[in-house]
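Chemist: Following this message is one structure expressed as structure tokens.
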Amino acid sequence: MHVARRHTAAALAPALLFASISFHAHAQQSQPAALEALRSAVAAELEAAHTDKSIWMYRDRDDTPDKRGTYQTIETREGELRRLIELNGQPLTPAAAQAEDNRILKFVADASEQARAHKSSAHDDAQATELLKILPEAFLWTITSQTPDFINLTFRPNPAFNPPHIEARIMGMMAGDMTIARDGNRIRTFKGTLTENVNIGFGLVRMFKGGTFDIERRQVGGSTHWQITETHVHIAGHALFFKSIGTQEDEVKTDWKPSPAETLQAAAHILGIEK
């Protein structure tokens, strides 16, 4: 359970954090038309992150190696509540359902926990926004096809990219494709594959070649608002002495509706949770 991350830049965070180190090669450049399309899309996403204050409720299926969970999520002006409703394909037992209700009620009543969630969300938003801004420099971009509705781009590592920090450093060995919707210049899909092994600290941190991400975004709830509807991340690796740092997750969000809840208390009421 955490504060809602509604900003478009933050919604792209899972994809933007996986990429890598620049390498020495002869100078290369993006195709000018592709770079122009990408920069227009980045500008549109940053503007939407600033102006789109819509809040939503939706069903969230989140599969990891540890569990398959289905959640009901309700966004509010104060944050979001995310209630587990099915675990590994089965409804919660009465005891598990009560524990989930108690967890949510505790969060709703705990201002310090809410403040921590807000701080974490704001940090993620700022980091993701910065990474979104450097997409034009981190990769080399080419238009592969166009239709009246979409522009399809491919990207590959930019040998000239000089990463300003560790997060950006994890941003150059990915190659993949992006689809931009012409209507509004919004990013519709963003997919990539790790083209080389990543080694940091003489192998103490390693991410393995072939890891993938796939971010799908759509207009939701019969509106013009864009949201992440699917996230598929499969990255394998090790940190320190064989501790896994890989991410294996498939998340699908459906049944989008505008949220009527302005407060966390109102969201708890919609979820049927009362003191």
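No lab work stands behind these numbers, since they all come straight from the coordinates. Just so it is clear, the structure is predicted and the values come from calculations on it, not from any experiment. So basically every Cβ, Gly included, is an ideal-geometry build from the backbone, and we count neighbours across all protein chains shown.
Chemist: Can you give the Rg to Rh ratio for region 68-197, taking only C-alpha atoms and Rh from Kirkwood?
Modeler: Reported Rg/Rh, Kirkwood definition of Rh: 1.11.
Chemist: Which aspartates and glutamates have a Cα less than 15 Å from the Cα of Lys119, not counting those fewer than 8 places away in the same chain?
Modeler: Here the aspartates and glutamates satisfying the reach criterion relative to Lys119 are Glu78, Glu80, Asp110.
Chemist: Per residue, how big is the convex hull of region 19-140 when only Cα atoms are used? Give it in Å³.
Modeler: Once divided by residue count, the hull of region 19-140 is 165 Å³.
Chemist: State the extension gain, in nm to one decimal, for the chain segment bounded by Ser223 and Ala109, taking 0.36 nm per residue of separation less the distance between their alpha-carbons.
Modeler: So the chain would gain 37.7 nm between Ser223 and Ala109.
Chemist: What list of ³J(HN,Hα) values in whole Hz, one per residue of region 146-153 in order, does the Karplus curve 6.51 cos²θ - 1.76 cosθ + 1.60 (θ = phi - 60°) give from phi, with Gly and Pro shown as x?
Modeler: Rounded to whole hertz, the list is 9, 10, x, 9, 9, 10, 9, 10.
Chemist: Same structure again: Can you work out the Karplus-derived ³J(HN,Hα) for every residue in region 40-50? Use 6.51 cos²θ - 1.76 cosθ + 1.60 with θ = phi - 60°, whole Hz, and x for glycine or proline.
Modeler: Using θ = phi - 60°, the values come out as 5, 5, 4, 4, 5, 5, 5, 5, 5, 4, 7 Hz.
Chemist: Also, quick follow-up: For a 22 Å ceiling on Cα separation, which of these pairs sit above it: Lys53/Lys106; Lys67/Lys275; Lys133/Lys191?
Modeler: Lys53/Lys106; Lys67/Lys275
Chemist: Let me ask another. Give me the distance between the Cα centres of region 134-158 and region 185-235, rounded to whole Å.
Modeler: 15 Å
Chemist: Counting only the backbone N, which residues of region 40-60 are under 17 Å from the spot 7 Å out from the Cα of Glu262 toward its beta-carbon?
Modeler: Inside the label zone: 53-56.
Chemist: Same structure again: What's the ranking of 38-49, 106-117 by average number of surrounding C-beta atoms within 10 Å, highest first?
Modeler: Result, highest mean Cβ count within 10 Å first: 38-49, 106-117.
Chemist: Okay, next question. If each of Thr93 and Thr142 carries a label point 7 Å out from its Cα toward its Cβ, how far apart are those two points in nm?
Modeler: It works out to 5.7 nm between the two label points.
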